[in-house]
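Each remark here refers to the structure printed beneath this line.
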Amino acid sequence: MFIFFGGLFLLLYWRFASIQATGMVKGHELEEEALSRYETGYVLSADRGKILDRNANVIAEDTLSYRLVAVIKESATESKKNPRHVVDKAETAKLLAQYIPMEEEKIYERLNPSKDLYQVEFGLAGRGISHEVKKKIEELKLPGILLYSDKKRYYPNGAFASHLIGFALRETDDDGNSSVVGKMGLEYIYDKQLTGTDGKLTYQRDARNYLLPSSDKVVQEAQDGNDIYLTIDKTIQNFLEEAMSRVNDQYNPQSMVAIVANPKTGEILAMSQRPTFNPDTRAGLDGNWLNDVVENTIEPGSTFKTFTVAAAIDSGNWHPNATYQSGQYKVYNDTIRDHNRYGWGPISYLQGIQRSSNTAMTNLLDIMGWETYESYLKEFGFGQKTGIDLPNEASGIINSRYPLEKYTTTFGQGSTVTPIQLIQGVTAVANDGKMMQPYVIDKIVNPNTGEIIVDSKPTIKGEPISAETAEKTREVLASTIYGEAGNAKRFQIDGYKVAGKTGTAQMPKANGVGYDWGKNEFLYSFLGMAPAEDPQLAVFIGVAKPKLGATEIGSDPVSQVFNSVVLNSLKYMNINPSDVAEVETTKVEDYVGNQTDTVMTQLEAEGLVPVIIGQGGEITEQFPAADASLTSGSIVFLKTDGEITLPSFSDWSLRNLLVYKSLSKLPIEIVGEGYVESQSVSEGTPITDASPIVVKLKTPEEKHLTPPAEDMELEEKEEDEEFLEELPQD
């Protein structure tokens with residue numbers, strides 16, 4: 001017995017010793033097992049990166065929402081007085097159907113799964129629930145219905161450059177882990193850069209889940225995804241969306257596409273298409289997931305004459321006053337005709353472009369020769385990708401296998417291009433010969449460190465024509481709008497001179513054989529720029545197969561979009577109309593390092609308005625930069641060190657307000673668009689804390705529609721006294 005129990009004791013002692021030495025029992029690490037039992041924590045969720053416009057206005061961001069869960073297993077309930085599972089499934093389905101986008105029958109089916117499950121969810125219908133809806137569901141006090149906090153991708157602007165921005169959805173993998181994943185557009189293209197890394201908080205607890213006194217919290221911070229700043233300007237994009245929606249409702253076209261760009265830099269300021277969709281709900285998203293501006297090709301029609309004329313001018317083959325026989329042109333057994341079939345008799349080449357004569361272009365090709373013309377098309381970037389920072393770009397085809405194809409290319413038929421190629425090419429005309437590569441990503445910033453990961457700069461893609469040629473081409477294009485024989489008079493804008501070219505292109509039939517024909521079967525377009533003397537905007541608008549009225553022509557829907565967007569955008573950008581274009585301008589000098597007293601005196605003498613940001617003294621930053629040309633009354637911002645005293649923002653444009661906000665770093669909250677109407681903090685107030693400064697703006701139209709206060713009081717008084725006389729309108 002002594003030997004037996006002694007052996008057991010030695011065996012037990014050896015076991016204790018081996019466990020203490022190795023920390024292992026049957027392949028399990030005891031320390032790890034203890035930590036898993038007593039160490040707990042929770043995930044610190046990372047935000048997906050924001051997508052913002054050029055002025056840091058949010059286009060897409062994560063926002064708090066709620067997720068609906070139904071506990072259906074009866075064992076979850078410990079007391080019948082306090083049920084913790086869904087008791088009455090039919091009634092629950094009926095009530096939930098009032099608050100989530102799922103039919104009552106579908107909800108009931110979800111609550112009665114074929115498998116033995118503890119709880120169920122409701123897919124997309126049960127996610128993204130707002131706080132308001134959450135409260136209403138909680139008020140129902142339905143047993144087993146739980147709402148957990150969640151994150152949802154939020155698009156505050158609705159249908160807004162939707163095929164460019166795309167959308168992201170929360171997905172759950174096989175292990176039950178969920179994350180927001182980009183499914184389309186920039187959300188998909190830059191999904192890796194936008195996705196953050198979750199953090200974690202851990203601590204040790206006792207058996208009752210209380211924090212142990214000796215436990216240290218270990219925090220692994222979440223790393224939010226990178227923020228993407230676009231070249232898109234929210235205000236200009238809104239102008240475009242509103243105009244396109246209005247025209248789309250009125251004319252019900254098959255499709256529409258539009259781009260607004262800065263021809264000096266290649267920055268895309270606005271981009272849209274129809275049909276479009278709401279990225280929050282995906283309502284309106286049909287089979288077309290392509291960004292038509294970049295991924296689809298079109299036959300450009302007469303807008304392509306822009307480049308034919310530019311090539312003729314630059315190669316020395318443009319003689320505007322020389323004449324040719326309009327009407328028709330023979331290419332072996334084929335006949336090319338002008339759009340009115342009979343032409344206008346012998347006319348000048350200048351009249352030919354003004355009347356959009358096809359035969360004028362075919363005659364120009366004979367003068368230039370195909371090799372010369374083809375070399376210019378390559379220099380303008382046709383038949384090749386622009387290199388825009390978006391995927392799946394189409395390159396288009398310049399057809400030249402047969403003689404007829406060479407001639408039809410001169411007026412934009414037969415060969416194909418993308419809308420973004422047209423914009424890139426026309427920047428050379430607008431920018432004195434320098435062709436700018438288009439781009440939509442301004443910068444990518446790590447919000448955790450402030451590091452700029454990508455910082456895009458304007459890129460000169462080539463110089464297909466000279467500055468002199470560009471100026472002459474703009475003059476010729478302006479004559480199509482303002483010339484006596486011009487056929488684009490609908491594109492005249494009050495106060496601004498426009499240059500551009502209309503287009504009417506046949507569209508291939510659905511089976512790919514031949515072309516559709518008829519007034520409502522064409523692709524109508526306009527490729528233009530403004531102001532013509534020094535273009536600040538380059539615009540392409542295309543409207544396919546609109547339903548035109550009996551007296552309407554294709555330029556009607558196109559001009560409604562172009563004119564509205566360009567006029568509003570130029571005013572928003574503080575671009576002076578042509579009626580003051582001849583006014584003498586002042587070139588801004590480099591004032592950094594100088595004293596404000598001296599610079600203010602100089603600027604005021606030159607008719608400019610200096611605005612000091614800081615206490616004054618040495619200037620550390622300025623806007624606009626040196627060499628910018630300003631007209632009398634323009635603001636020059638001068639940044640200095642020290643406490644900031646708020647100026648009067650009265651009648652400032654949104655653009656000037658955004659510049660001031662950027663330089664001052666003040667917490668200015670901007671409400672509305674247009675021009676400043678009021679500010680919450682008075683002029684002359686020193687800013688000493690981070691309290692928000694609310695500045696309200698109104699558009700000229702809104703100001704016009706708001707009656708003066710005295711008229712409003714008069715109306716109220718007369719209503720009270722039941723006067724029957726009709727008030728005179730303001």
Quick one: length gained pulling residue 631 to residue 13 fully straight, 0.36 nm per residue minus the C-alpha distance?
-> 212.9 nm
FRET efficiency (residue 198, residue 513; Cβ distance; R0 60 Å; to 0.05) is 0.65
Quick one: with all protein chains in place, what share of the accessible area of the chain is carbon or sulfur, to the nearest percent (1.4 Å probe)?
-> 49 percent
Modelled FRET efficiency - R0 41 Å, residue 682 with residue 124, Cβ distances, 0.05 increments | 0.25
Once amide H atoms are placed 1.01 Å from N in the peptide plane, what residues at a sequence separation of 5 or more from residue 589, or on another chain, have their amide H within under 5 Å of its amide H?
-> 627
Please give the length that would be gained between residue 90 and residue 112 if that part of the chain were fully extended, namely 0.36 nm times their separation in residues minus their C-alpha to C-alpha distance (nm, one decimal).
-> 6.9 nm
Rounded to the nearest Å, the spacing of the alpha-carbon centers of the range 53-90 and the range 461-479 is 61 Å
Dipole of the chain, positive direction: furthest Cα of 57, 122, 237, with charges on the beta-carbon = 122
On a C-alpha basis, how far is the centre of the range 400-442 from the centre of the range 236-289 in Å? Whole number, if you could?
-> 21 Å
Calculated from the structure, log10 I(q)/I(0) by the Debye sum over Cα atoms at q = 0.07, 0.11 Å⁻¹ equals which of (i) -0.45, -1.17; (ii) -0.68, -1.25; (iii) -0.58, -1.30?
-> (ii)
Amide H within-cut-off set for residue 339, under 5 Å, with H built and near neighbours excluded = 358
How much FRET efficiency would the formula 1/(1 + (r/R0)^6) give for residue 334 and residue 492, where r is the Cβ-Cβ distance and R0 is 35 Å, rounded to 0.05?
-> 0.45
Cβ charges +1 (Lys, Arg) and -1 (Asp, Glu), total dipole of the chain, debye = 3280 debye
Assign unit charges at the C-beta atoms only (+1 for Lys and Arg, -1 for Asp and Glu), then state the dipole size of the range 609-675 relative to its Cα centre in Debye, rounded to the nearest 20.
-> 100 debye
Area of residue 85 that stays accessible when all protein chains are in place (1.4 Å probe, Å², to 10) = 30 Å²
Quick one: how many lysine pairs in the range 49-115 have C-alpha atoms under 18 angstrom apart, if they're 8 or more apart or on different chains?
-> 9
Note: residue 2 to residue 322 extended length (0.36 nm per residue) minus current alpha-carbon separation gives 102.3 nm
Please calculate how many Å² of accessible area the chain carries per residue, with a 1.4 Å probe and no DNA, RNA or ligand atoms counted.
-> 51 Å²
XL table 434/472; 385/457; 183/461; 461/489; 406/501; 639/665; Cα-Cα > 23 Å flagged, in table order, is 183/461; 461/489
Ordered by packing density, taken as the mean number of other Cβ atoms within 10 Å over each peptide's residues, highest first, how do 111-121, 407-417, 139-149, 681-691 rank?
-> 407-417, 139-149, 111-121, 681-691
How big is the gap, in Å, between the Cα center of the range 131-170 and the Cα center of the range 527-606?
-> 40 Å
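The values are calculated or read from the model by the stated rules, or taken from the named source; none is laboratory data. Keep in mind that what you see is a predicted model, and the values were worked out from it rather than measured. Glycine also receives a Cβ, built like all others from the backbone with ideal geometry; neighbour counts cover every protein chain displayed. To get the accessible areas, we keep the full protein, side chains included, count just its heavy atoms, and leave off ligands, DNA and RNA. Shrake-Rupley method; radii C 1.70, N 1.55, O 1.52, S 1.80 Å.
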